[in-house]
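Notes follow the structure.
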Amino acid sequence: MGAPVDLFAAASAEGAWTVGEVTRRTRAVIEAGLPPLWVRGEIAGFKAWRSGHWYFSLRDKSAQLRCVMFAKQNFRLPTPADGMQVFVFARPSLYEEKGEFQLTVMELLSTEQGGLWKLAFEKAKAALTKDGLLDPARKRRLPLFPNRNPGGHRAALARRGADRRARPGPGSQSRGVGVLGAQPHSPPAGRRADRGAGRRFDRRPVGVQQ
């Protein structure tokens with residue numbers, strides 16, 4: 001037989017372990033001895049916190065495990081529900097603050113074919129069908145020649161207005177700058193003749209006949 005164990009040998013401030021030391025050592029032993037693994041079970045007690053983290057239990061007929069899935073791992077997944085059978089890829093660990101064994105989940109898949117992605121697709125498809133957006137009668141044929149005005153008629157009118165505002169007015173003094181051979185802005189010859197005729201017409205006394 002081995003030497004007798006003195007139960008009170010470590011009953012002192014120097015020899016006793018603190019609670020934090022026990023939990024830290026236990027966590028280190030668990031994480032070193034159990035690598036990340038796939039676990040199958042049923043979701044129970046699911047809760048989604050405002051932070052985006054998910055907390056739930058994974059159970060079967062004989063036992064259950066506490067699980068946490070952080071927001072950075074679940075933000076692309078649809079929200080699961082209690083009773084759903086799933087596969088989780090998780091890292092066994094210990095939540096030191098409560099001294100609870102738990103699984104830190106990194107992947108979560110439904111046991112059904114296609115996983116949660118298929119469930120999300122079917123949910124979206126059902127909503128669109130309910131609103132009538134997938135009705136074949138709503139489908140339109142593509143035009144043979146697409147619209148040449150990007151943005152449609154309104155965008156074309158806006159561009160036309162901008163072009164008009166960019167043109168110099170009759171009284172502007174804009175000149176060509178930095179262009180070889182540029183001349184001061186002047187209207188075309190036809191417009192000059194029309195303006196001259198208008199000025200001559202305005203100078204005639206009222207009542208004078210040609």
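If the condition is being crowded, with 18+ Cβ neighbours inside 10 Å, touching a Gly at 6+ places or on another chain (Cβ under 8 Å) and within 24 Å of A28 (Cβ to Cβ), then the range 66-101 contributes only V88.
Just wondering, is there one or more residues in the range 37-51 that are modelled with pLDDT under 95, over 29 Å from the mean Cα position of the chain (by Cα) and either in a helix (DSSP H, G or I) or surrounded by fewer than 14 Cβ atoms within 10 Å (Cβ to Cβ) (or both)? Yes.
Of the residues making up the range 27-86, not one is without any contact (Cβ under 8 Å) to a residue 12 or more places away in the chain, touching a strand residue (DSSP E or B) at 6+ places or on another chain (Cβ under 7 Å) and of a type in the set (S, T, Y).
Flag: I30 does not match the condition of being more than 27 Å from G20 (Cβ to Cβ) and in contact with a Pro (Cβ under 6 Å, 6 or more places away or on another chain).
Of the residues T111, T26, T104, only one is out of contact with any Asp or Glu (no Cβ under 7 Å at 6 or more places or on another chain) and surrounded by 16 or more Cβ atoms within 10 Å (Cβ to Cβ); which?
Details: T111 fails: surrounded by 16 or more Cβ atoms within 10 Å (Cβ to Cβ); T26 fails: surrounded by 16 or more Cβ atoms within 10 Å (Cβ to Cβ).
One residue alone meets the criteria, T104.
The values are calculated or read from the model by the stated rules, or taken from the named source; none is laboratory data. Fair warning: this is a prediction, and the values are worked out from it, not measured in the lab. Here Cβ is always computed from backbone atoms with ideal geometry, including for glycine, and neighbour counts include all displayed protein chains.
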